[in-house]
Amino acid sequence: MNDSSWGAPQGAGYWGTPELSAAPAGPAHDVRDAQQTRPMPNVPDVPDAGRDAVDRDDRDRAAAHVSGPLFRDEMPQEPMSTPLPPPPQKKRAGRDLRAAIGVGVGLGAVIGLSLFIVKAVFVGVIVIAVVVGLWELTSRLQESKGIKAPLVPLAVGGAAMVVAGYARGPEGAWTAMALTALAVLVWRMTEPPDGYLKDVTAGVFAAFYVPFLATFVALLLTADDGAWRVLTFLVLTVVSDTGAYAVGWRFGKHKLAPRISPGKTREGLFGAVGFAMVAGALCMEFLIDGGAWWQGLLLGFAVAASATLGDLGESMIKRDLGIKDMGTLLPGHGGIMDRLDSLLPTAPVVWLLLVLFVGSG
């Protein structure tokens, strides 16, 4: 084994001392003699088998001590592999369908029983839906934007609006709407003026958006065949939403309004129109006194348009508020307002077209 393998510098002896320091200076002791006569360390004799075992132990210890290559150039070059694309995922609905169907069936049973047994009970159902919807809307406004729309005058005025529309017709509904707006203005005066304008503006908007539009459902009920008119209104709206969901989920590729509601597609809109027009023709032919199938086609088209716009309108509100749902009261659906979004703007459309087609009855 060479001395240099132990790391000794040139010009030094085995133990690290100068080579000429061990012998006196003179001609008889030159450098070559000093190198030839220096003592070597005693190395015990090791049998070949034992030496092999020692060498293996040294290699094992070295391998254990050095867990990787000493130099960057010694890094193993692994072949480049192209990552496999992820497997295609199956489309899934965004909500719990079992819960949504169960809640839908339960609501349908309550509405159907109250609608065809005692009309006044159905008016009470409308009032409850309006009050809960107002509570959800005002709560989300305050949580997200700090807007304090007064709930008490809205709830009282909203209930009065629905009852007045059922009892006194459109004039009663408009009168109650005006009084509710005035009550909102006065009620907010009991608090500091900071934010007064935005609070009363939101309050008047809430009064129009929820109870006033819902009053047209009560106006539908006042006709002689009022129960069937309300049923037609509900069936067409539900069929429109169902057609949009089914066709859009299966065939939807082109976004309808990606900045407002990315899940809605043009194909879904066509599905809503087609389903609603067929349902409208059937309802006008078999449920509405004096109705005709072609009127149902027009009614179905109008319902699909108003229901889609209403859905987009509430999606716009929720995006502005930074929320997904207005509430959590209905499992699989969200809140009451998440179910009223397409119903509220559709109610005046259906009421007006039915008045034009078959009269106020």
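The values are calculated or read from the model by the stated rules, or taken from the named source; none is laboratory data. Quantities reported herein were computed from a predicted structural model and do not represent experimental measurements. Ideal geometry is used to build each Cβ from the backbone, glycine not excepted, and the neighbour counts take in all protein chains shown.
Laid out as a table, the results:
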read-out: Filter result for Phe216 (of a type in the set (Phe, Trp, Tyr), in contact with a Phe, Trp or Tyr (Cβ under 6 Å, 6 or more places away or on another chain) and assigned to a helix (DSSP H, G or I)); value: yes
read-out: Failed item in (1) at pLDDT 95 or above; (2) touching a strand residue (DSSP E or B) at 6+ places or on another chain (Cβ under 8 Å); (3) β-branched (Val, Ile, Thr), with Val163 passing the rest; value: (2)
read-out: Verdict on Ala207 being assigned to a helix (DSSP H, G or I), more than 31 Å from the chain's Cα centre (by Cα), small (Gly, Ala, Ser) and outside the structural domain of Ile288 (by TED's automatic domain parsing); value: no
read-out: Exclusive hit being in a helix (DSSP H, G or I) and touching a helix residue (DSSP H, G or I) at 6+ places or on another chain (Cβ under 8 Å), set Gly108, Gly124; value: Gly124
read-out: Wholly enclosed helices (runs of 4 or more DSSP H) of segment 284-361 bearing at least 2 residues surrounded by fewer than 21 Cβ atoms within 10 Å (Cβ to Cβ) and without any contact (Cβ under 8 Å) to a residue 40 or more places away in the chain; value: 293-321, 343-358
read-out: Any hit, segment 262-280, residues being surrounded by fewer than 22 Cβ atoms within 10 Å (Cβ to Cβ) and either in contact with a strand residue (DSSP E or B) (Cβ under 8 Å, 6 or more places away or on another chain) or among the hydroxyl-bearing types (Ser, Thr, Tyr) (or both); value: yes
read-out: Complete set of residues in segment 150-189 that are farther than 20 Å from Ala218 by Cα and not in a helix (DSSP H, G or I); value: Pro150, Met189
read-out: Segment 258-274, subset part of a strand (DSSP E or B) and touching a helix residue (DSSP H, G or I) at 6+ places or on another chain (Cβ under 6 Å), residue nearest to Leu236 (Cα to Cα); value: Thr265
read-out: Segment 124-137, subset under 15 Å from Leu329 (Cα atoms) and of a type outside the set (A, V, I, L, M), residue surrounded by the fewest Cβ atoms within 10 Å (Cβ to Cβ); value: Trp135
